[in-house]
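The values are calculated or read from the model by the stated rules, or taken from the named source; none is laboratory data. Predicted model, so just to flag it, every value in this text is computed and none were measured. Note that each Cβ is placed from the backbone with ideal geometry, even for glycine, and that neighbours are counted across all protein chains shown. For the accessible areas, the whole protein counts, side chains as well, though only heavy atoms, and no ligand, DNA or RNA atoms are used. Shrake-Rupley method; radii C 1.70, N 1.55, O 1.52, S 1.80 Å.
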Amino acid sequence: MTLLIVGSGGREHAIGWALSQDRRVKQLWFAPGNAGTAALGENVPLPATDRAGLVAWCQRQRPDLVVVGPEAPLCAGLVDDLAAVGVPAFGPGKAGARLEASKIFTKELLRKAGVPTADSERFTDRAAARAYCAAQHYPLVIKADGLAAGKGVIIAQSLAEADAALEQIMAQKVFGAAGDSVLIEEFLPGQEASIHAVTDGADYVLLPTAQDHKRIRDNDEGPNTGGMGAYAPAPIVSDELLATIEQTIIRPVIGALRDAGIDYRGVLYAGLMLTPQGPKVLEFNCRFGDPETEVLLPLLATPLLDLLLATVERRIGRLRFELKTGSALTVVLAAPGYPEKPVTGQVIHGLPGASPLLFHAGTTRGADGTVTVSGGRVLAATGVGPDLRAARRQAYKIAADIRFDGRQYRLDIGKKALDLPARGA
Ligand code: AMP
Ligand code: GLY
């Protein structure tokens, strides 16, 4: 088989790595890929957002399957465009991707389906939003409605901070049109968990539970990022809690999408807050998480290709789906200045001979063979082991051998899980 993977992050490298293990896979293309994906296949110089270019390329090359990594092309309707020219693709169409593209659409769907989520109100008028904020308890969460690369969420500790957030989102439009309307919602306390279901619109399978680390610095301090590390499975999600999540969140949402007439095939990634009142939805994503994918795929026993094809061909109900035992943990190595203003261009040392689970994100290979930093998140060093402690040791060992100027990474990935009391204690 021949496959095109759209995207250029650690997620896409991990997808490519998993597929490259499969003898049935004869050719992998990446658009646009990175220095890591170039070693697994061929990088095609088309950005993930060049819909017309990607469709034209697919019409010429006729890949057997396209796997769309990031949300932007999914939300723009790349999968619909490919379907229109007879090229099968993994991921929801534009209608389904609204689950990620519009927080307001999702809130409404959740409300109708009775799925637990933070209470919220929507505003398009700044004065009305401000008046509402004046009557609330703090902290309070202010969200731009549209896509804002994970940065459109502000947790305000006071009315003054809420006001400043409204000014930035609604007046200065720092997130562009994503801020035409805002959602103001109650602050939910607790730990977060990432739940990935892969669904064909009727049936689904669950990937291991995972936990991301969104803040730039240890102890969850500093600004939000795309994710600085992850591990799976997340011991905070007990089997019992997972059963509750399936029953109160995953199944009702798949049902609600179907009831809305949406043909949702792909990843349904629920970002949850595990509150004292039970699991509640923070957000939905219509794609694999990054860096979660880097820890989920090494734990699949079923070949990824089988899962992708069963999804696209609507036969997940007949798929024999199995996970490996053990744990995986990934540590993101980021550029200096990330997330605000990443500094790029530095040469990366220590790559030759590195683990195949050192997934590349913001890396570029020059004509002379040197690999340099070209993005905020640079590499994801992934360890796999019989337990989380072993996986963690391995991930940090891989990370320590990689050097570039200004390299930053968190030292506490997985710490929350290791600090938990043992099960049954
Ligand atoms: P989102 O893009 O909606 O996932 O939000 C990004 C991050 O903001 C989440 O991962 C949480 O850490 C935080 N967050 C979002 N909504 C809430 C909420 N209602 N209560 C507490 N934290 C939140
Ligand atoms: N890990 C967060 C995300 O992929 O959105």
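For the range 136-147, backbone phi angles converted through the Karplus equation (6.51, -1.76, 1.60; θ = phi - 60°) give residue-by-residue couplings of 9, 8, 10, x, 9, 10, 10, 10, 5, 5, x, 6 Hz, Gly and Pro being listed as x.
Over the range 255-406, the Kirkwood radius and the radius of gyration, each from Cα atoms, give a ratio Rg/Rh of 1.04. Comparing Leu159, Leu307, Leu358 in a Gaussian network model of the chain where C-alpha atoms under 10 Å apart are linked, the largest mean-square fluctuation is found at Leu159.
Here the range 132-278 has an Rg and Dmax of 17.1, 46 Å, counting Cα atoms alone.
Here each label is just a point 7 Å from Cα along the line to Cβ, and for Asp259 and Val85 those points are 3.8 nm apart.
Straight Cα distances below 27 angstrom link Lys214 to the lysines Lys94, Lys103, Lys107, Lys143, Lys151, Lys173, Lys280, Lys324, Lys341, Lys397, Lys415, Lys416, with same-chain residues fewer than 8 positions distant left out.
For the residues Gly91, Gly271, Gly326, a GNM of the chain with alpha-carbon springs under 10 Å puts the largest fluctuation on Gly326. When the chymotrypsin sites (Phe, Trp or Tyr not before Pro) in the range 204-271 are filtered for DSSP coil states and for at most 16 other beta-carbon atoms within 10 Å of their beta-carbon, no site remains.
Per residue of the chain, the DSSP helices (runs of n ≥ 4 H) give a summed -39500 (n - 2.57) that works out to -7500 deg cm²/dmol at 222 nm. For Asp212, the residues whose amide H sits under 5 Å from its own are Ser194, ignoring neighbours fewer than 5 places away on the same chain, with H placed 1.01 Å from N. Ranking Ala256, Thr2, Val182 by Cα position along the charge dipole of the chain, where only Lys, Arg, Asp and Glu carry charges on their C-beta atoms, puts Thr2 farthest toward the positive end. Quick one: if the Förster radius is 35 Å, what FRET efficiency do Val55 and Glu186 give, using the C-beta to C-beta distance and rounding to 0.05? It comes out at approximately 0.25. Each eigenvalue of the Cα gyration tensor of the range 111-218, multiplied by 5 and square-rooted, gives one semi-axis; in descending order these are 28, 16, 15 Å.
Considering only Ala72, Ala335, Ala131, the Gaussian network model of the chain with Cα springs below 10 Å gives its largest mean-square fluctuation to Ala131. Relative intensity of the chain on a log10 scale, I(q)/I(0) at q = 0.06, 0.07, 0.09, 0.13 Å⁻¹, equals -0.23, -0.32, -0.54, -1.19, per a Debye sum over C-alpha point scatterers of equal strength in the absence of solvent. In the range 1-113, the inverse of the mean reciprocal separation of distinct Cα atoms equals 14.4 Å; this is its Kirkwood hydrodynamic radius.
Atom-type composition of the exposed protein surface of the chain places 50 percent of the accessible area on carbon and sulfur (1.4 angstrom probe). Using Cβ point charges alone (K and R +1, D and E -1), the dipole size of the range 10-103 about the Cα centre works out to roughly 140 debye. Phi angles of the range 77-93 translate, via the Karplus equation with coefficients 6.51, -1.76, 1.60 and θ = phi - 60°, into HN-Hα couplings of x, 4, 5, 5, 4, 5, 4, 5, 10, x, 10, x, 9, 8, x, x, x Hz per residue; Gly and Pro are given as x. For the chain, the per residue solvent-accessible surface stands at 41 Å², with DNA, RNA and ligands left out and a 1.4 Å probe. Residue separation of Glu340 and His137 scaled by 0.36 nm, minus their Cα-Cα distance, works out to 70.1 nm of gained length. For the range 290-305, backbone nitrogen atoms closer than 15 Å to the point 7 Å from Lys324 Cα along Cα-to-C-beta are found at 293-305. Between amide H atoms placed 1.01 Å from N, distances below 5 Å from Gln191 occur with Leu274, all of them 5 or more places distant or on a separate chain.
Sorted largest first, the spans of the alpha carbon positions of the range 76-161 along the three principal axes are 53, 27, 20 Å. Can you work out the FRET efficiency for the pair Arg122 and Arg393, with r the C-beta to C-beta distance and R0 = 60 Å, to the nearest 0.05? After rounding to 0.05, the efficiency reads 0.85. For Leu19, the solvent-accessible surface computed with a 1.4 Å probe is close to 0 Å², ligands and nucleic acids excluded. Under the convention that each Lys and Arg Cβ holds +1 and each Asp and Glu Cβ holds -1, the size of the dipole of the chain around its Cα centre is about 680 debye. Karplus-based coupling profile of the range 295-303, in residue order and whole Hz: 9, 7, 5, x, 9, 7, 8, 5, x, with θ = phi - 60° in 6.51 cos²θ - 1.76 cosθ + 1.60 and x standing for Gly or Pro.
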